[in-house]
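Structure first, commentary second.
Throughout, read-outs are computed from the coordinates displayed, never taken from laboratory work. Since the model is a prediction, treat every value here as computed from it, not as a measurement. Here the Cβ positions follow ideal geometry from the backbone for every residue, glycine too, while neighbour counts run over all protein chains shown.
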Amino acid sequence: MSDKNPFPGENNTGHIWDDNIRELDNPPPNWWMLAFWASMAWVVIYAILYPMFPGISGNTKGIMGWSQIGEYKEGLSEVVEARSEYEARIKDKSAAEILADPDLKGYTLAAAKVLFGDNCASCHGSKGQGGPGFPVLVDDDWLFGGSVEAVEQTITNGRKGIMTSNSKIMSGIEIDQLAQDIMAGTVT
């Protein structure tokens, strides 16, 4: 094919289609080659600075000492520190006492939304709208009483049928928070 090359002075491979489309044998542009070698250098630098390669007894640590677990624990300690003031104030209070304090009520309602989503939404719906065989929590018709104490008792001990006892799953503070959230009607 190359002996019939109609473009003999050109740097092509000899592959020609449709009489004038040809494959040229040119090097890539300089900017492309610089970017390629810079990316290779970056991989080497990154491998030295951060954990990257798996090994038999764990991954390489990198000279920066950074890890996702370390970053997670650092962030978690910040959250625990920010919550510690509220958690200390809530510790020995009942749900009714927490509801009476506007500052604690706001804190617990925010926390209870997460608790409701994790523990209750699968049966009672994401907004407390109920489901087949599960009661609606956002109306005024309560099967076992609508007081804070009755709701707290239901969450703690469960009910006959399918409502599980949460006393072994959730802490007392979490149960108080969840009861308040349900009573406030803000399970959205």
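Basic side chains Lys and Arg get +1 at the Cβ, acidic Asp and Glu get -1 at the Cβ, and with that the dipole of the stretch 107-153 about its Cα centre reaches some 220 debye. Each Cα pair of the stretch 5-46 feeds into the Kirkwood radius, which the Stokes-Einstein equation turns, at 20 °C and 1.002 mPa s, into a diffusion coefficient of 168 µm²/s. Given a Förster radius of 45 Å and the C-beta distance between Asn26 and Asp92 as r, what FRET efficiency does 1/(1 + (r/R0)^6) yield to the nearest 0.05? So the FRET efficiency works out to roughly 0.05. Sorted from longest to shortest, the spans of the Cα atoms of the stretch 1-101 along the three principal axes equal 95, 36, 27 Å. Sorting the segments 171-178, 150-157, 25-32 by their mean number of nearby beta carbons within 10 angstrom, highest to lowest, gives 171-178, 150-157, 25-32. Within the shell defined by Cβ-Cβ distances under 9 Å, the residues around Leu104 carry a net charge of 0, with Lys and Arg each +1 and Asp and Glu each -1. Candidates Met163, Gly128, Met183 compared by Cα position along the dipole of the stretch 123-188: farthest toward the positive end lies Met163, with charges placed on Cβ.
Sequence-distant contacts, meaning Cα pairs under 8 Å at least 6 residues apart, place the relative contact order of the chain at 15 percent.
Computed over neighbours whose Cβ is under 11 Å from that of Ser67, the net charge equals 0, Lys and Arg +1, Asp and Glu -1. Secondary-structure-derived ellipticity at 222 nm for the chain, considering helices only, amounts to -16000 deg cm²/dmol, per-run term -39500 (n - 2.57) for DSSP H runs with n ≥ 4. Within the set of other residues whose C-beta is less than 11 Å from the C-beta of Val114, count the net charge using Lys and Arg as +1 and Asp and Glu as -1. Local net charge: -2.
Measuring nothing but alpha carbons in the stretch 35-188 and taking Rh as the Kirkwood radius, the Rg to Rh ratio lands at 1.23.
Please work out the FRET efficiency for the pair Trp17 and Val43, using the Cβ-Cβ distance as r and a Förster radius of 35 Å; give the result to the nearest 0.05. Taking R0 as 35 Å, the efficiency between Trp17 and Val43 is 0.40.
Could you tell me how many degrees, from 0 to 90 and to the nearest 10, lie between the Cα long axis of helix 172-184 and the main elongation axis, the longest principal axis, of the Cα atoms of the chain? Between helix and principal axis, roughly 80 degrees. In this structure, the amide hydrogen of Gly14, modeled 1.01 Å from its nitrogen in the peptide plane, lies closer than 5 angstrom to those of Glu23, counting only residues at least 5 positions away or on a different chain.
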